[in-house]
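So the structure is just underneath, and the comments pick up after that.
The values are calculated or read from the model by the stated rules, or taken from the named source; none is laboratory data. These numbers were taken from a predicted model, which means no experiment stands behind them. Cβ: placed from backbone, ideal geometry, glycine included. Neighbour counts: every protein chain shown. Side chains included, ligands, DNA and RNA excluded: accessible areas come from the protein's heavy atoms. Shrake-Rupley method; radii C 1.70, N 1.55, O 1.52, S 1.80 Å.
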Amino acid sequence: MKKNVRLYALCMVCILAVQLFVATCPAYAEETGEKENKEHVLLFTADLHDQVEEKLIPFLKRYKETVDQTEYICYGGDYAKQFDEKILKRLVRINQQLFPSAKSVYTVGNHDMAGFDKEKFQYITNMKERGNVIKKGGYVLYTFGASSKEQQFTETDVKELKEFLETTREYIPRIPIIIVSHFPIHYFENGKDKRQTKGSEELVKLLNAFSNVVFLYGHNHSVNDTSYGVIHMPGDEITIGKNEFRTINFCYTSLGAMKDGANQEIYALKITIKNTVCCNQVMLEHLNYYAEPKDKMMVCFPLVEEY
């Protein structure tokens, strides 16, 4: 917590100080063609599990009243108990009706792998099930959905992610790279409830080389995971196994769960990215069922310590 407060305070100092040093601080608009103070709003959620009519549509209608514009609506998988093309088609129509100017991003969860039809998924969503890359002026999105029904990051998964990240080195440390995963990295155990993703240690080693990563996960919505909803910042520790801890050098938090709010009243995640002359401010806000902020935290890229 002290680490987070220190980074937040230093970030504020950096933003204020830029007013005195505009002449020597490179403008983001010159690097990517984006205008300074450009604001990007993105919405994320996951684990719908058939709750489109009951939960998602009412939520999206309330959310729409709180924002002027949203660029992307991103789904982290598990749309039903198994692959369901009708629900996917319904999602596409809903997003087009409620947010005609926004684009939608889809990836898959472990439940979607049951009876999964790759061709139908791509036809309906106009996307691959994973490995989609969306590059905007102020951020990059990458879908890192489940590759099987088992909770794991396989060697192939990590290899593919590494290959993608290597193409983004020019963006370090300034441009946020948002990775939409289904599985979490951290380990959780509470009585009979236990969740561990194989391959987490290798993934942490990879991600720690990219301080501009924002890693988002779902899956742990039904096990009273006390870490669900916690916004971890660079320098925090997470648990990757029983009595095994690792310090992370990236941002890490949950997508939100539309089915039950992950028993934490967390239904979605709103990310607002503001491109300023000195840094990119990234505000992460978890939203409750009424699309109201439940908690929030801001990080600036580059991190002040790297600037």
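Here are the numbers for the structure shown:
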{"read-out": "Carbon/sulfur fraction of accessible area - region 133-230, other protein chains in place, 1.4 Å, %", "value": "44 percent"}
{"read-out": "Sparsely packed chymotrypsin sites (Phe, Trp or Tyr not before Pro) within region 135-228, loop by DSSP, other Cβ within 10 Å at most 13", "value": "none"}
{"read-out": "Cα-based Rg of region 60-129 normalised by 2.2 N^0.38 Å, two decimals", "value": "1.14"}
{"read-out": "Residues of region 100-118 with amide N under 19 Å of the 7 Å Cα→Cβ point at SER222", "value": "108-116"}
{"read-out": "Whole-Å semi-axes of the chain's equivalent ellipsoid (Cα gyration tensor)", "value": "29, 23, 19"}
{"read-out": "Reachable lysines from LYS194, criterion Cα separation under 17 angstrom, eight or more residues apart if same chain", "value": "LYS149, LYS242"}
{"read-out": "Net lengthening on full extension, LEU98/VAL133 (0.36 nm per residue, minus Cα-Cα)", "value": "10.2 nm"}
{"read-out": "Residues with amide H under 5 Å from that of ILE240, placed H, sequence gap 5 or more", "value": "TYR187, PHE245, ARG246"}
{"read-out": "Inter-label distance, nm, simple model (7 Å from Cα along the C-beta direction), ILE57/LYS89", "value": "1.6 nm"}
{"read-out": "Solvent-accessible heavy-atom area per residue, rounded to whole Å², over region 95-206 at 1.4 Å", "value": "48 Å²"}
{"read-out": "Region 161-307, relative contact order [Cα under 8 Å, separation at least 6], %", "value": "21 percent"}
{"read-out": "Counting DSSP beta bridges with both ends in region 128-189, the antiparallel % (nearest 5)", "value": "40 percent"}
{"read-out": "Amide proton proximity set for LYS294, modelled H, under 5 Å, gap of 5+", "value": "HIS286, LEU287, ASN288"}
{"read-out": "Relative contact order for the chain, counting Cα pairs under 8 Å that sit 6 or more residues apart, in percent", "value": "21 percent"}
{"read-out": "Three-way shape call for region 113-264 based on the alpha-carbon gyration tensor, with the a/c threshold at 1.5", "value": "oblate"}
{"read-out": "Greater than 28 Å apart at Cα, pairs in LYS162/LYS192; LYS61/LYS259; LYS64/LYS162", "value": "LYS162/LYS192; LYS64/LYS162"}
{"read-out": "For q = 0.17, 0.22, 0.29, 0.31 Å⁻¹, Debye-computed log10 I/I(0) when each Cα of region 241-297 counts as one equal scatterer", "value": "-0.69, -0.87, -1.07, -1.15"}
{"read-out": "Region 100-134 residues near the modelled LYS159 label - backbone nitrogen below 17 Å, point 7 Å along Cα→Cβ", "value": "131"}
{"read-out": "Heavy-atom SASA rank of ASP157, ASP68, ASP84 (probe 1.4 Å, accessible area, largest first)", "value": "ASP68, ASP84, ASP157"}
{"read-out": "Structure-based [θ]222 nm, the chain - -39500 (n - 2.57) summed over DSSP H runs of at least 4, per residue, nearest 500", "value": "-7000 deg cm²/dmol"}
{"read-out": "Those aspartates and glutamates that a straight Cα-Cα span of less than 19 Å connects to LYS86, excepting residues fewer than 8 apart in one chain", "value": "ASP47, ASP50, GLU53, GLU54, ASP78, ASP112, ASP117, GLU119, GLU129"}
{"read-out": "Nearest-10 value in Å² for the accessible area of LYS162, using the 1.4 Å probe", "value": "110 Å²"}
{"read-out": "Largest to smallest accessible area among TYR123, TYR252 [probe 1.4 Å]", "value": "TYR123, TYR252"}
{"read-out": "Using θ = phi - 60° and Karplus 6.51 cos²θ - 1.76 cosθ + 1.60, couplings along region 181-193 (whole Hz; Gly, Pro as x)", "value": "9, 9, 7, x, 8, 7, 9, 9, 8, 8, x, 6, 7"}
{"read-out": "Spread of Cα-to-Cα distances over 10 Å intervals beginning at zero, given as percent, for region 202-259", "value": "22, 53, 23, 1"}
{"read-out": "Fraction of antiparallel bridges per DSSP, the chain only, in percent to nearest 5", "value": "60 percent"}
{"read-out": "Karplus-derived 3J(HN,Hα), 6.51/-1.76/1.60, for each residue of region 158-164, Hz, glycine and proline x", "value": "5, 4, 5, 5, 4, 4, 5"}
{"read-out": "Nitroxide proxy distance, nm - points 7 Å out along Cα→Cβ at GLU170 and LYS64", "value": "3.8 nm"}
{"read-out": "Cα-based shape type of region 110-193, given that a ≥ b ≥ c are square roots of the gyration tensor eigenvalues and the cut on a/c is 1.5", "value": "oblate"}
